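Scroll down for the structure; my scribbles are underneath it.
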Amino acid sequence: MRHRAAPLAVSALLLAAGCTSSGSGGDDDAGPASVAAAAPGERLTVVADAEPVAAAVSTSRALFEEAGVVVVAPDGDRAAALLGASAAVGLGVPLLLDPEGEDGDEAVAGELDRLGATTVLAVGADTAPGDADVVSVPATADAVAAATGLDLAEADPVAEGGEAAAVAGLDPEAPAALRPEDGDDAAEGEASGELSEVERAEPLEGTVVLSDGDPAALAGVATARAAGATVQVTDGQTDPRGSADVVDAVAGADTVVALGAGFGAEDGLDWKLETAATGAQLPGGGQVLFPQHFLVALYGHPGTGALGVLGEQDVPATVQRARDTAAPYEALVPDATVVPAFEIIATVASEFPTEGNDYSYEAPVEELRPLVEAAGEAGIYVVLDLQPGRTDFVTQAEVYRPLLELPHVGLALDPEWRLGPNEVHLTQIGSVDVEEVNRVVTWLADLTRENRLPQKLLVLHQFRVDMIPGRERVDLSRDELSVMVHADGQGPQPSKQDTWRVLRGIGPEGLTWGWKNFYDEDAPMLTPEETIAQVSPRPELVTYQ
């Protein structure tokens, strides 16, 4: 059941002498034309119609229970549709499109009937579907202003493809007169009548409409602004987690309408919306990692420099070092947000038996928490690295669930240190089969969805093909994760490039990629400028050890 907004006492929209009339009402004795906007009853409503006429009708159905007056513009007439949007937003009533073809006429006439429309303001046309009285207005700002009583301010011309964004930006209290950038202003004539003053409905302040920006959504966006809903244009992005602006827009919203055919094809839109609605954001903004972000990480274990540069200084100095290491990349990677990161070795491979005889020291959660929390406060992403010895990755990952439930923490698997039952470190190079990797994928993706967390990074460290047998079958179906192969080769740059080339040749398509620079073992270590210039295609993560 839909919630009906409190109906307004709306002044009657009257037809002045000389208007075209094709139905009942529309004279000086007519009663008030009722308008009632109503939020959809469902948390998420998807309007996935690809055709502009159908999309306009569906949006009207989603957001209005009734409207005695409706604006109609010819489908395909950009000038009329843009001015119709200005009028609809200013009046607070739906905008529909007049189609060419009987089926479309019937759909629009049916929606006018459902709304109880007694008057149609036809912008750029002499007639409109259905039986309502028609006020015909040429597609000029002066004529629309004269017919509606709206004070339409001059607006910048709207470039082709920018219609949805321009309409989304209309102010219902002071709408602008929108016109195409390539318009010739050839329309002439006067309105066939005029409308009396309209008192608009209470705005749907708890409703957010996401538009993918397709021009086909112009009328729907206008109807949403007319209803007082917030409209956020996503510029073609249909995953609501994908930008900071969209996450901010839907956080705390009562209802969301996703307007655009792309939203209908977005797998898992419901849970992605619920994740976005938490408002939690990754360092750098949004809830999706790549390609929006570029990570630059320090690697190691806190409290010791023997395992990498991350542990060479105290927590505040480590935060500053991460920022300083990432800073040179900001000018080199202008199309992404550069984010400093920590890769913390959470479980450290041991040459000797440990508790449980798994040859792995598992750092207590509370030992790691100060560094992890300091990272979150500083806008630094964290990856917890596992060197599991003789146990399995899922078992060790479960130990760190409390940290992985934080929005800025991901996970790394280091197969070099994954031993068989009778193996020991530094005698064999470990490996992990893809089935175990996929169990981690499932475990981490389930944790992420259950806790409505931003997308998590799952790193697979590798410098030999046989470290992850069957890697081409790794599960990339879970959008909760970005799965990355991190090329860990060290030594002369030609050898590192060979490793990079071989690993990238395995697949599957859809992996993200990381590169490691070693301070002491590379010959020579690449500078940031050389890393970006020589490592192709560009990685999404560069780690320093």
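Observations
- Derived from the Cα gyration tensor, the three semi-axes of the equivalent ellipsoid of region 331-381 are 32, 15, 5 Å, largest first.
- Euclidean distance between Cα centres, region 257-288 to region 196-251, Å: 14 Å
- Residue-wise HN-Hα couplings along region 530-545, as the Karplus relation 6.51 cos²θ - 1.76 cosθ + 1.60 with θ = phi - 60° gives them from phi, are 5, 4, 5, 6, 9, 8, 10, x, 4, x, 9, 9, 10, 10, 10, 10 Hz; Gly and Pro carry x.
- Near the amide H of GLY268, within less than 5 Å, lie no amide hydrogens of residues on another chain or at least 5 residues away, with H placed in the peptide plane.
- The angle between the Cα long axis of helix 78-91 and the main principal axis of the chain comes to about 80°, on a 0 to 90 degree scale.
- Considering region 35-276 at the alpha-carbon level, its Rg and Dmax are found to be 16.5, 51 Å.
- The three principal axes of the Cα atoms in region 378-462 give end-to-end lengths of 40, 27, 20 Å, sorted in falling order.
- Ranking of VAL57, VAL348 by count of other Cβ atoms within 10 Å, fewest first: VAL348, VAL57
- Under the convention that each Lys and Arg Cβ holds +1 and each Asp and Glu Cβ holds -1, the size of the dipole of region 35-276 around its Cα centre is about 680 debye.
- Which of GLY161, VAL247, SER136, positive extreme of dipole for the chain (C-beta unit charges): VAL247
- Nearest 10 degrees, 0 to 90: helix 493-504 Cα axis against the chain principal axis: 60 degrees
- Calculated from backbone phi, Karplus (6.51, -1.76, 1.60) coupling profile of region 358-375 in Hz, x at Gly/Pro: 9, 6, 8, 8, 9, 4, x, 4, 5, 6, 8, 4, x, 5, 5, 6, 4, 4
- Here the translational diffusion coefficient of region 296-544 follows from Stokes-Einstein with Rh set to the Kirkwood radius across Cα pairs; for 4 °C and 1.567 mPa s it amounts to 71 µm²/s.
- Relative contact order for region 35-276, counting Cα pairs under 8 Å that sit 6 or more residues apart, in percent: 26 percent
- A Cα-only calculation for region 49-148 places Rg and Dmax at 11.9, 34 Å.
- Cα convex hull of region 257-326 - mean projected area over all directions, nm²: 6.8 nm²
- Order of VAL542, VAL483, VAL120 under a 10 Å beta carbon neighbour criterion, fewest first: VAL483, VAL542, VAL120
- Extent of region 405-545 along its three principal axes (Cα atoms, max minus min coordinate, largest first): 45, 40, 26 Å.
- Applying 0.36 nm per residue to the separation of THR395 and THR127 and subtracting their alpha-carbon distance, the gain on full extension is 89.5 nm.
- Relative intensity of the chain on a log10 scale, I(q)/I(0) at q = 0.06, 0.09, 0.12 Å⁻¹, equals -0.41, -0.73, -0.98, per a Debye sum over C-alpha point scatterers of equal strength in the absence of solvent.
- Volume of the Cα convex hull of region 56-109, divided per residue and given in Å³: 69 Å³
- The relative contact order of the chain, computed from alpha carbon pairs under 8 Å that lie at least 6 residues apart in sequence, is 11 percent.
- With one equal scatterer per alpha carbon and no solvent term, the Debye-computed log10 I(q)/I(0) for region 264-390 at 0.16 1/Å reads -0.87.
- Residues whose placed amide H lies under 5 Å from that of LEU178, excluding near-sequence neighbours: SER86
- Amide H within-cut-off set for TYR400, under 5 Å, with H built and near neighbours excluded: none
- Net charge over other residues, Cβ less than 14 angstrom from the Cβ of VAL424 (K, R count +1; D, E count -1): -2
- In sequence order, calculated HN-Hα J values of region 390-397 (Karplus, 6.51, -1.76, 1.60; Hz; x Gly/Pro): 8, 8, 9, 5, 5, 4, 6, 4
- Arranged from fewest to most other beta-carbon atoms within 10 Å of their beta carbon, MET467, MET525, MET484 become MET525, MET467, MET484.
Bear in mind that the values in this text are calculations on the coordinates, not laboratory data. Owing to the predicted nature of the structure, the values given are computational and were not obtained by experimental measurement. Positions of Cβ are generated from backbone atoms using ideal geometry, with glycine treated the same way; all protein chains shown enter the neighbour counts.
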